Structures are given as C-alpha cells and as structure tokens.
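Below is one structure, written out as structure tokens; comments come after it.
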Amino acid sequence: MNPAAAPAEVLTAPLHSLALRHGDDNLVLAQRLSMWVSRAPDLEEDLALGNIALDHLGLARALLTYAGEVEGAGRTEDQLAMGRTERQFTNLLLVEQPNGDFAMTMGRQLLFDAYQLELWDSMAGCSDEALAGLAMRASNEARYHFLHSSTWVERLGDGTEESHQRMQAALDWLWQFTDEPFEGDAVTAWAAAELGVAPLGEHRDRWEFRVDKVLSKARLDKPSSGNRRSGGRSGRHSEHLGHLLAEMQWMQRTYPGLEW
Amino acid sequence: MDATHISGTRVVIALQALGSRETRVRRLLEAIPDPELPMLDLGDLGLVRDVHVEDGAVEVSITPTFLGCPALDSMRRSIREALVGDGFDQVEVRTVYSPAWSVEWISPAGRAKLRSAGIAPPGSARVCPHCSAEAIRVVSEFGPTPCQALSACRACGEPFTSIRDL
C-alpha cells in the first residue's frame, strides 16, 4: 500500500498501534470478566471465568509490553494500561459492553472468542516473530475459550423458555458490534503489506460460519443486520469504557507510580 | 600446518570451557521448582530456551507456559536470585514466545512426577492417577491453576486435576 495515503498519526508507529489495539481488547475484556469472580452461577463456572480473565490479562500484558518496546519511548505495560485515557484506548466496542446477565456475558464471549480464533490464525504466520509466537499460543487458548462460550450459548439457547429468550435478547443487542472487528484501517493495511497478515475482512465468512453453527445448534435466530457501530479502534467509545477505566485506574491515578 | 592445528585445538578447548559454563547455568536453572506445581522443576517443563554467558553477565531466555500464568513473575525472580547467588553481577531474563510452549514439552520424568502427585499428565493415553483406569471424565475445563482441569474417574470415583492439553 502507499503509506502516504494513510493518516500520518497512525502510521508513525504502526507496529505499536497493532500490538496496542489487540492488547487493549484483551485488557478490557479481562477487567470485565474478572467482575464475575465470586458471582458466577456455580463454583466451576467461577473458576472458569476467573481463569479465562487471567488468560486475557496474560495476553494483554505480553502485547502491551511489546507495544511499549517497539514504541521505544520507555513506556511499560503498566504505564500503557494505567496511564492512558479513554480516547487513547483502541479496543473494540464489543469487549467494553457491560456483563449484563449471564447470557449477555456468554454471547459477548462467543462473538469475541470466534473473532480471536480468526485473528490469531491470521497472525500466526506473520513475519514479526514476536507476534507470530504470541499468536500461536493465543490461538490455542482461544480454542478453549470458544469451547466454553459455545457450550454455554447452546445450553442457554436450547434450554428453558426463559434462558432461550434471554440468550436471544443478548445476541440481538450484541450483533451491532460484530462488523467492527473486521473493518480495515491504515494499521491493518500496513500489517498486510509489511507483515503478511491477511486482512481480517477475508476472515469474516469463516467467523460467521463458526457462529452460525453454534446458533443453529442453540435454536437461536441469527440477528438481522441493523445499525452497526464502530469507532473503538480510533478511540471513539461507548459510554461504558470510561466507567470501567475509572475503576481500573483509580489507584494509579490517585497515587501515580504506586507499587506494593 | 602445525600452528593451524594448535590454534584450532585452542579454539575447541575455549569453546568447551564456554559450553560447560553455560551447561552449568542451565542445570542450575532447570533445578528451580515451579512455584505452583513444586514437584516439577523448570527442566521438567522445558522452559529454559537459551543461556548466554559473558564474563560476569548472563542472559537467560525462557518461554512462558500459559500466557496468563501468575507463576511467571515468581519464576523470573527465582532465576534472578539463583544466578546472583551463583556470582553473576548482571542477570537478564528474557521472555521468548516463539516457538510457543506446549504440553508436549513436559519431559517423561515430569509426567511421572505429576502422576505420583495425583495429577493426570497431558496426552491421549490418560489414566486415573489413583486407580489407573482409563475412564476419565472432565468435570470442568478450568481448574485451580490455568494449566489444570478438574476431572474425575468413572471407575473409582475419585476427583483429581489433570494438565490441560494445550
């Protein structure tokens, strides 16, 4: 691609932006999921959600550390996680959506897990060795996460009248955030040209196929395409992210650099 | 001719000396226990990728198991302490992600240690660590640590944990 065609502010550090956005997705989702700890429907599920949150946090830490390294300005994972404002976060709108009821959380996880499978598959063969290595590990972990969320969506969708209705309502709400993960921008164009990462738009069909299979097993209707929302990748978020960050960052905001 | 031969021998001896120092460091590191599964050491897990020694400085590369493994920071600390205790002034612990760690890397000795600790090792030939029956039921894919699942034996009924295949 022609770099001159892309906005200069994004392309000053495209590798940094690439690692950062996927780190942000995982960090925000880890924070959301950890809110379930001690509130899950049973002990096994409590452990599962806590463990999945930990997987996302671990991936976020590795990605943010790498984003800091390639930026070369000396920013650590902690500074990137705790020192940026809402507009500087580049996560998807999907991951910042509130937990809602259990069906809403599982619907969000299903859509995100299926996306992560495609994303990390596309990155596993890329020419950036650090990202490729992380991608292989992340893809293995995403398979387990998908197994977990798809099992729950099937159970709830094909369950009681109440669980079915709630699962359907959750998907109907979440569907507006399912275009955003596959949209291209200057960073994805750079990654395609320089690292050989296939643009995610090409993976959209496989994502849909994966999700459709779960929905039909769960006797759920695929939501119709209506309004689609996006903006997270360029820092334009829903009202929920600010509240999440306020809770996550308040200690470092109150006592900058605090360690214990 | 002779001179070449002699200098060639010197190079070999120097390389052997260098190699042995790195081998010694590697042995030292591989004996460090895993903080969460202390019956295993870093050698059993296959975590130590590379050791590079230069004078008083040492650089160690490790590959993390699960990305979110909370034991990773503690392992890094133990490695640092062991090497400082061994007389190195400068210790650098690097993390390498490629190739990605997999349970295949757990050594046969490590698998035997897991089994005798009542934890089913990974792999297709999975048996109950209590009664050796080949009838295992996974109760939950997520267990007490990121690497373990909760399982139970259909034969003896005992619950136990197993190392997840990933």
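Any read-out appearing in this document is the output of simple, stated calculations on the displayed coordinates, not a laboratory observation. Every value quoted in this text rests on a predicted model; they were computed, and no experiment measured them. Virtual Cβ from ideal backbone geometry, glycine too; neighbours counted across all protein chains shown.
Taking only Cα atoms and a 10 Å spring cutoff, compute GNM fluctuations for chain A and point out the largest among A:G232, A:G83, A:G157. Maximum fluctuation in the GNM of chain A, among the listed residues, is at A:G83. For the stretch A:49-66, backbone nitrogen atoms closer than 20 Å to the point 7 Å from B:A117 Cα along Cα-to-C-beta are found at A:51. Modelled this way, with points 7 Å down the Cα-to-C-beta line, the labels at A:S234 and A:E44 are 4.6 nm from one another.
Model label sites at B:T95 and A:E208, defined 7 Å from Cα along the beta-carbon direction, differ in position by 3.7 nm. Legend: mean number of C-beta atoms from other chains within 10 angstrom of residue C-beta atoms, peptide B:151-159, equals 0. Applying 1/(1 + (r/R0)^6) with r as the Cβ-Cβ distance of A:E247 and B:E134 and R0 = 30 angstrom yields a FRET efficiency of 0.05. Close amide-amide hydrogen proximity is noted between B:R49 and B:S61, B:I62, B:T63, each under 5 Å apart and 5 or more residues distant or on a separate chain (H modeled in the peptide plane; Pro and chain starts excluded).
Across peptide B:89-98, the average count of Cβ atoms from other chains found within 10 Å of a residue's Cβ is 3. Remark: the stretch B:138-143, residue by residue, has Karplus-estimated 3J(HN,Hα) of 7, 7, 8, 5, 10, x Hz, where x stands for each Gly or Pro and the curve is 6.51 cos²θ - 1.76 cosθ + 1.60 at θ = phi - 60°. Mean partner shielding of peptide A:126-133, defined as the number of other chain Cβ atoms within 10 Å of each residue Cβ, is 3.
Taking amide H atoms as placed 1.01 Å from N in the peptide plane, the amide H of B:A133 lies under 5 Å from those of B:C128, each 5 or more residues away in sequence or on another chain. With the helix formula -39500 (n - 2.57) applied to DSSP H stretches of n ≥ 4, the protein assembly as shown reaches a computed 222 nm mean residue ellipticity of -17000 deg cm²/dmol. Shape verdict for the protein assembly as shown, please, from the Cα gyration tensor: rounded (a/c under 1.5), prolate (a/b greater than b/c) or oblate. Because a/c hits 1.5 or more and a/b fails to exceed b/c, the protein assembly as shown counts as oblate.
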